[in-house]
């Protein structure tokens, strides 16, 4: 989604031409989606893993450029802040032992990143929010110096005098900030699932339902800037960092501003095209670079246009589940699942992915019957409650009989949904033994009530009984990193 940007300065004419090209490419996508057999093929599974680089005492270390100079691995790339990196393991077919294959590749690329990072005195941490992060770590000078990031940063600085971030939780946090580098405080494990155009609406709506319970049991971001906040503080943070205002907290404005980081605005009724159309209609262009390809000419030749303008624009709209068009492999659609945090271990992330994708596939069979009893605002509420409360969340879930939806504790809901996730995976060709093992990890988390977020909270309480907060956070991160690299799932981690 983050296509390279070659320029940093644009004129009003550039924005006008880009807007025209977006309309051309929307029409080209409409034509492509109408082609017989377009985008139909075996399901595949991909991922993007974001990482923190830290020094010997656990503070963010802004050396991603130097680390990249020490590796030739094309699977490793920059991220927004200079203390972040992103790993992109190669996609695998969903059928078979897909999560085993993807996990093995994640381990392989992580080993290479750790080797390269060590040459710069850096360690690698997989966690949703870095417990030891300080405000001085996220100033403007830690922005990765690439045109894309410089333009995004300059655009948001021009649109507001300062960024007001208000985070609730046990220890609420309110700060004013002037730059989007604060987004580097959050890292994720994003999954990609290839979906045929005719199945897209059902699969996307199912993904929207599935995300909240999966997030609750995968939470791993309870600490930020020295405060105890939400179980998934990433969600609260990123909702505010790249938007002029939080639309859910504001009165009706004279000129509507629609959050670029959101859960969405309603159920999809037709297919992927309406999501791309919504992005173009609601959000002004930010990176208006137009490439040389003429989409109409490419279509006339019988080919698949790259739709770079549409893809670039879509890459500046950060919905938690995002529609993706990929021109490669004959062209296809994917759902990008963006809500899950990084860490604690590779096997934990594979279990999270198996649950979320399995639920998406399993619920898609019945989602059309579920939606009349599930107003979209309740799905969005579930998502926010999952981020705030983790395994203590109470969800509203469609009921077979009125009134619907009904409140269900998320632990009970997940116990009911695990067979649905298992069936979704197996029917998609995932080996039953693989599904059993990964969903078994989720089942153990429910039994022990131990997520990455809960482990961090509990350990911090123990450590703070004997030392100040800053020292306790450093000790927590050191223990977290050691256990993470050991590879045992988080529900087995000791507190002593």
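Each reported figure results from applying straightforward, stated rules to the coordinates on display, with no laboratory input. The structure displayed is predicted, hence computed values, not measured ones. We place every Cβ from the backbone using ideal geometry, glycine too, and count neighbours over all the protein chains shown.
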### Query
Taking only the alpha carbons of the range 12-486, what extent do you get along each of the three principal axes, in Å, biggest first?
69, 54, 49
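Convex hull over the alpha-carbon atoms of the range 387-458: what's its volume per residue in Å³?
Per-residue hull volume (Cα only) is 102 Å³.
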### Query
In cubic angstrom, how much convex hull volume per residue do the alpha carbon atoms of the range 106-150 span?
130 Å³
### Task
Kindly rank 359-367, 447-455 from highest to lowest mean number of other beta carbons found within 10 Å of each residue.
359-367, 447-455
### Task
Starting from the Cα coordinates of the range 1-68, work out the convex hull volume and express it per residue in Å³.
169 Å³
### Task
Take peptides 347-357, 303-313 and line them up by average Cβ neighbours within 10 Å, highest first, as a rough protection proxy.
347-357, 303-313
#### Entry: Peptides 466-474, 284-292 ordered by average Cβ neighbours within 10 Å, highest first
284-292, 466-474
### Two-decimal log10 I(q)/I(0) for the range 375-496, as the Debye equation yields it once each C-alpha is a single scatterer, q = 0.10, 0.17, 0.18 Å⁻¹
-0.45, -1.01, -1.06
### Summary
What the Cα atoms of the range 213-370 span along the principal axes, largest first and in whole Å, is 56, 42, 34
### Potential lengthening between residue 164 and residue 97 on full extension [0.36 nm per residue; Cα-Cα distance subtracted]
19.6 nm
### Query
At 222 nm, what helix-only mean residue ellipticity would the chain give, in deg cm²/dmol to the nearest 500, using -39500 (n - 2.57) for each DSSP H run of four or more?
-14000 deg cm²/dmol
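Quick one: of the DSSP bridges fully inside the chain, what percent are antiparallel, nearest 5?
The answer is about 95 percent antiparallel.
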### Kirkwood-based Rg to Rh ratio, the range 318-420, C-alpha trace
0.99
### Message
Which of rounded, prolate or oblate describes the range 100-208 when judged by the alpha-carbon gyration tensor and an a/c cut-off of 1.5?
### Response
oblate
### Query
So between residue 196 and residue 415, what do we pick up on full extension, going 0.36 nm a residue minus the alpha carbon distance?
75.9 nm
